[in-house]
Amino acid sequence: MAGLASDASNPDVSLLYDINGLAKSAPPWFDRVMEFVGEFGIMLGLVLVVLGCWWSVRRRGTPGDSVSGVAGLLWAPLAAGIALLVNIPIRGFVERPRPFKDHQGLEVLVAGKTDYSFVSDHATMAMAIAVGVFVAHRRFGLLAIGLALAEAFCRVYMGVHYPTDVIGGLALGTAVALLLAPLALALLTPVVSAVARSRRGARLVRSRRGARRAAVAETTVIPEPRLGGAGESDLAA
């Protein structure tokens, strides 16, 4: 009872029980769906968002827009990898056990988690990718951020993370993706530009349709208005 009282006085633990309690009242098939979504589904969804964004930036805007968009998309997975590396010493320093090791009565949907809980790798990686996509394309980026927030909720629902674990992951992913973005884009943009100028790699940056649109826009000449028309020559005469 004393343990339950201390849990109730801790907002982090209290919110953990509230969110994870939804798993207890949900039907078993729904919990299986949430287990898949939280472990693999949302990350797969983020990959599809990145591919959809890549397809879009290749076909729209100017060639410069395509280069900057593809460079931003390349930064998204790189940011996720760097954020995971940054999280390694954080986890080792904090050494926070998984919530089900210290608190009873949780509905744990994924067994076998033996590593430390803070910061959540899934939340970190999802938000780093989402912010990287947002740098490249605002509309796709907002969709990706929504998926990252859903990932954070799923990790608490599954009973494998505290709310502060996923909040820390979202913050870490955002910080790495935003703070290092200027340097990363400065390095990636020349590389993508070189690929865009090559014969074999050009389509990775700019589609044929986008290139045709850009060519038509450059060759289209808007005629200048003629002042006065025929009346002007009459006045001159």
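Please treat every number below as a calculation from the coordinates, not as lab data. Because the structure is predicted, anything quoted here is derived from the model rather than measured. As a convention, Cβ positions derive from the backbone with ideal geometry for all residues, glycine included, and neighbour counts pool all protein chains shown.
Specify which of the listed residues (ALA150, ALA126) is within 8 Å of the chain's Cα centre (by Cα) and of a type outside the set (Asp, Glu).
The match here is ALA126.
Give the residue, chosen from VAL131, VAL110, VAL160, VAL135, that is assigned to a helix (DSSP H, G or I) and in contact (Cβ under 8 Å) with a residue 60 or more places away in the chain.
After ruling out the rest, the residue left standing is VAL135.
Which residue, of GLY81, GLY105, GLY64, GLY72, is touching a Leu at 6+ places or on another chain (Cβ under 9 Å), within 30 Å of ARG139 (Cα to Cα) and of a type outside the set (A, V, I, L, M)?
GLY72
Does GLY69 qualify as being touching a residue at least 60 places away in the same chain (Cβ under 8 Å) and either of a type in the set (Ser, Thr, Tyr) or in a helix (DSSP H, G or I) (or both)?
yes
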